[in-house]
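Visitor: Supplied in structure tokens, the structure appears directly below.
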Amino acid sequence: MIKVLVMGTTLRDAVGENDLDVEVEAPMTVKKLIENHPDQLGGLLRFLANREALITVNKKIGTEDTVVRDGDTVKISFQSRASYDGTRDIPT
């Protein structure tokens, strides 16, 4: 079981809850976790694709490629104006 904490109203509205327990059978990436559970987490995919999600796994900064295992806690927060990738929202 992986605990997924969804922070903020934007993401909560996308999935309908702030706190979800997701059953897993094997380790997988955060992105695969979301893709494999579309009924619970599918609303988060567009935020990952647009780089508008900040991810932590067990209180450590993570990415969509971070591997999660049974017992982990994943926190996903909404990041508006995602400029950390160096391509968007940079003032001119």
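Visitor: Applying the selection to the range 63-78, what residues are open to solvent by 30 Å² or more (accessible area, probe 1.4 Å) and either acidic (Asp, Glu) or under 11 Å from residue 33 (Cβ atoms) (or both)?
Guide: Within the range 63-78, 64, 65, 66, 67, 69, 70 meet the criteria.
Visitor: When you go through 60, 3 one by one, which is the residue that is open to solvent by 80 Å² or more (accessible area, probe 1.4 Å) and at pLDDT 95 or above?
Guide: 60
Visitor: Limited to the range 20-34, what total is found for residues that are outside any strand (DSSP E or B) and aliphatic (A, V, I, L, M)?
Guide: 5
Visitor: Identify the single condition in (1) part of a loop (DSSP other than H, G, I, E, B); (2) touching a Ser or Thr at 6+ places or on another chain (Cβ under 9 Å); (3) in contact (Cβ under 8 Å) with a residue 60 or more places away in the chain that residue 65 does not satisfy, given that it satisfies every other one.
Guide: So residue 65 meets the others, but not (3).
Visitor: Then there is this: What are the residues in the range 6-34 that are in contact with a helix residue (DSSP H, G or I) (Cβ under 7 Å, 6 or more places away or on another chain) and surrounded by fewer than 16 Cβ atoms within 10 Å (Cβ to Cβ), if any?
Guide: Listed by number, the list holds a single entry, 18.
The values are calculated or read from the model by the stated rules, or taken from the named source; none is laboratory data. Please read these numbers as outputs of a predicted model, since none were measured by experiment. Here Cβ is always computed from backbone atoms with ideal geometry, including for glycine, and neighbour counts include all displayed protein chains. These accessible areas exclude ligands, DNA and RNA; they are computed on the full protein's heavy atoms, side chains included. Shrake-Rupley method; radii C 1.70, N 1.55, O 1.52, S 1.80 Å.
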